[in-house]
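Report on the structure given below.
The values are calculated or read from the model by the stated rules, or taken from the named source; none is laboratory data. Note that this is a predicted model, so its numbers are computed, not measured. Cβ: placed from backbone, ideal geometry, glycine included. Neighbour counts: every protein chain shown.
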Amino acid sequence: MCAICGCGQTNTEHSHVQHHSHHETSRLIKVEQDLLSKNNHYAAQNRHYFQQHNIFTLNFVSSPGAGKTTLLVETIQALKAQYPIAVIEGDQQTEHDAERIRTTGIPALQINTGRACHLDAHEIGHAVSDLNVTDNSLLAIENVGNLVCPSGFDLGEAHKIVVLSVTEGDDKPLKYADMFYAADLMIINKIDLLPYVEFDIQRCISYAKRVNPGIEIISLSSTTKQDFNIWIDWLVSQMPGKAI
């Protein structure tokens, strides 16, 4: 969590945390609990709003470079004629990903978090208002690239989707268990690169199921579209209401 990873702290403050006393540890735990409690309150408000307005919201999480933005671009191209879609992009700096989304003709709002390593529910509430997300739509949130902090921050989403590329280690579900435990779906991306990397899909799936027996898993390539229809079919099956 942010109280542990140093999100929003200076380097000096973070160094100090490494040598804390029992009293300081208790204080950090209290700060973390208060932070998550406040976030959960905003997340509940978001979820109520999304349900009232039939806004189907997905929170995409991954390491940097796993292919979230490409996945979103291709998903938008496949569905934008059927559903209103909006995107919230989270990055520490730049508007690069939001600009990529906007080239599809879909509205996108960039949140730059600075030193923070995740989006929070309060930011999402403001972003939804600023974007003027329409009723009966799909809202995709691309979280900051990080497999640690976003696992603990509910944004009010219907599903948290973790994207793992085959260019990463197949043991990621064990190394970052909290994230894979929190996710409803794992997308194994970039499977077109399997002949060139050491990545055992079955071992990765086994590890993910060990952490989260209920997690659903889809393997695909956003670049070549291999098995991409399986993802689109899953997404459409989850969305409430009718297409436009």
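Which pairs have Cβ atoms under 6 Å, sit 6 or more apart or on different chains, and link a residue in segment 96-108 that is part of a loop (DSSP other than H, G, I, E, B) to one that is surrounded by 12 or more Cβ atoms within 10 Å (Cβ to Cβ) and among the small types (Gly, Ala, Ser)?
Listed by first residue and then by second, the contacts come to PRO107/ALA86.
Looking at (1) crowded, with 16+ Cβ neighbours inside 10 Å; (2) under 23 Å from GLN45 (Cα atoms); (3) over 18 Å from the mean Cα position of the chain (by Cα), which one does ASP130 not meet, given that it meets all the others?
In the conditions (1) crowded, with 16+ Cβ neighbours inside 10 Å; (2) under 23 Å from GLN45 (Cα atoms); (3) over 18 Å from the mean Cα position of the chain (by Cα), ASP130 misses (1) alone.
Of the residues in segment 202-216, how many are in a helix (DSSP H, G or I) and either surrounded by fewer than 15 Cβ atoms within 10 Å (Cβ to Cβ) or of a type outside the set (Lys, Arg) (or both)?
9
State whether one or more residues within segment 83-102 are under 14 Å from the mean Cα position of the chain (by Cα) and among the aliphatic types (A, V, I, L, M).
yes
List the number of the failed condition for SER237; all other conditions in (1) surrounded by fewer than 16 Cβ atoms within 10 Å (Cβ to Cβ); (2) farther than 16 Å from ALA66 by Cα; (3) touching an Asp or Glu at 6+ places or on another chain (Cβ under 9 Å) hold.
(3)
Quick one: which of ILE124, ILE111 is in contact with a strand residue (DSSP E or B) (Cβ under 7 Å, 6 or more places away or on another chain), of a type in the set (Val, Ile, Thr), under 23 Å from HIS53 (Cα atoms) and part of a helix (DSSP H, G or I)?
The match here is ILE124.
From LEU58, LEU72, grab the single residue that is in contact with a His (Cβ under 8 Å, 6 or more places away or on another chain), at pLDDT 95 or above and among the hydrophobic types (A, V, I, L, M, F, W, C).
After ruling out the rest, the residue left standing is LEU58.
A quick yes/no check of all residues on (1) out of contact with any Asp or Glu (no Cβ under 9 Å at 6 or more places or on another chain); (2) farther than 19 Å from ALA158 by Cα; (3) of a type in the set (A, V, I, L, M, F, W, C):
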| residue | (1), (2), (3) |
| --- | --- |
| GLN77 | yes, yes, no |
| LYS80 | yes, yes, no |
| LEU109 | no, yes, yes |
| THR113 | no, yes, no |
| ALA127 | yes, no, yes |
| ASP135 | yes, no, no |
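Closer than 12 Å to LEU139 by Cα and of a type outside the set (Phe, Trp, Tyr): does that describe LEU119?
no
Filter segment 149-167 down to the residues that are part of a loop (DSSP other than H, G, I, E, B) and either crowded, with 20+ Cβ neighbours inside 10 Å or under 11 Å from the mean Cα position of the chain (by Cα) (or both) and list them by number.
PHE153, ASP154, LEU155, GLY156, GLU157, VAL166, listed by residue number.
Taking the criterion of being surrounded by fewer than 21 Cβ atoms within 10 Å (Cβ to Cβ) and more than 13 Å from LEU138 (Cα to Cα), would at least one residue in segment 49-60 satisfy it?
Yes, segment 49-60 has at least one match.
With ALA116, ALA140 as the choices, which residue is touching a residue at least 60 places away in the same chain (Cβ under 8 Å), surrounded by 17 or more Cβ atoms within 10 Å (Cβ to Cβ), among the small types (Gly, Ala, Ser) and outside any loop (DSSP other than H, G, I, E, B)?
Among ALA116, ALA140, only ALA140 is touching a residue at least 60 places away in the same chain (Cβ under 8 Å), surrounded by 17 or more Cβ atoms within 10 Å (Cβ to Cβ), among the small types (Gly, Ala, Ser) and outside any loop (DSSP other than H, G, I, E, B).
Quick one: count up the residues across segment 217-236 that are part of a helix (DSSP H, G or I) and of a type in the set (Gly, Ala, Ser).
Within segment 217-236, residues that are part of a helix (DSSP H, G or I) and of a type in the set (Gly, Ala, Ser) number 0.
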